[in-house]
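Here's the structure, in structure tokens; my notes come after.
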Amino acid sequence: MEQKKPDPMRVAIVKMLPRDIKEQLTVEEMNALLYDEILPDSLLEKLKDYLADIDNPSE
């Protein structure tokens, strides 16, 4: 059985996150982030200051 590999772009994103944010992530949130899965609301809330707001690009 082939093991799923993390998305290299997602790994780079995780490496750029501050340590305190990474320490708050659950296993499920980290897996969703690394393996290009749908991001849970709890993860989006933790990352809200680091995500681009496509609805309000000037902010």
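Out of curiosity, is residue 53 at pLDDT below 90 and more than 10 Å from the chain's Cα centre (by Cα)? Here the answer is yes, as residue 53 does meet what is asked. Residues in region 1-42 that are of a type in the set (Gly, Ala, Ser) and over 9 Å from the mean Cα position of the chain (by Cα): 12, 42. Whenever a residue of region 14-38 is part of a helix (DSSP H, G or I), its partners that are among the aromatic types (Phe, Trp, Tyr), lying with C-beta atoms within less than 9 angstrom and at least six residues away or across chains, give the pairs 16/50; 21/50.
The values are calculated or read from the model by the stated rules, or taken from the named source; none is laboratory data. Quick caveat: nothing in here was measured; it's all calculated off a predicted structure. Cβ coordinates were reconstructed from backbone atoms using ideal geometry, including for glycine residues, and neighbour counts include every protein chain displayed.
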